Amino acid sequence: MPWPKGRKKGVENMPVGRRFQPGDPGMVAENNPAWRGDRVSYSGLHKWVAYHRPATGVCQVCGGEGYTENANLSGEYHRDLDDFQELCKPCHIAHDAERRAA
Ligand SMILES: [Zn+2]
């Protein structure tokens, strides 16, 4: 939501509904969609990948069909479809283990 024109920025000038008090659920990063926490961008990126490359249900490593997940190749979570691969659960786990060991 764009900031209203002519309104001074600052908590006290926030439109009603955007004002967070300490202890509000909105103050917690996970509950606040506007909060640019790592967890938020991580899940946002996965949604972006799922949107731009719908799952085929075929693992790109072993060719197995069924449940697949988007695995990040570089571990740096680039907004780049080439940085993601659709893997079945066992291949995803193996890929993550390999990346951590590297
Ligand atoms: Zn696989």
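Read through the list (1) in contact with an Asp or Glu (Cβ under 8 Å, 6 or more places away or on another chain); (2) among the acidic types (Asp, Glu); (3) modelled with pLDDT of 90 or more, then give the number of the only condition that GLU76 fails.
The number of the failed condition is (3).
Name the single residue that is nearest to the chain's Cα centre (by Cα) among those in the range 56-91 being within 16 Å of the ligand (Cβ to nearest atom) and part of a helix (DSSP H, G or I).
Of the residues in the range 56-91, the ones within 16 Å of the ligand (Cβ to nearest atom) are 56-73, 84-91.
With part of a helix (DSSP H, G or I) added as a condition, the list becomes 89-91.
On the way: LYS89: 18, PRO90: 21, CYS91: 21 Å.
Looking at residues that are within 16 Å of the ligand (Cβ to nearest atom) and part of a helix (DSSP H, G or I), I get LYS89.
It is to be established whether one or more residues within the range 42-55 are over 15 Å from the mean Cα position of the chain (by Cα), modelled with pLDDT under 90 and assigned to a helix (DSSP H, G or I).
No, because not a single residue in the range 42-55 is over 15 Å from the mean Cα position of the chain (by Cα), modelled with pLDDT under 90 and assigned to a helix (DSSP H, G or I).
The values are calculated or read from the model by the stated rules, or taken from the named source; none is laboratory data. Not measured: the values here are computed from a predicted model. No Cβ is skipped: glycine too gets one built from the backbone with ideal geometry, and neighbour counts run over all protein chains shown.
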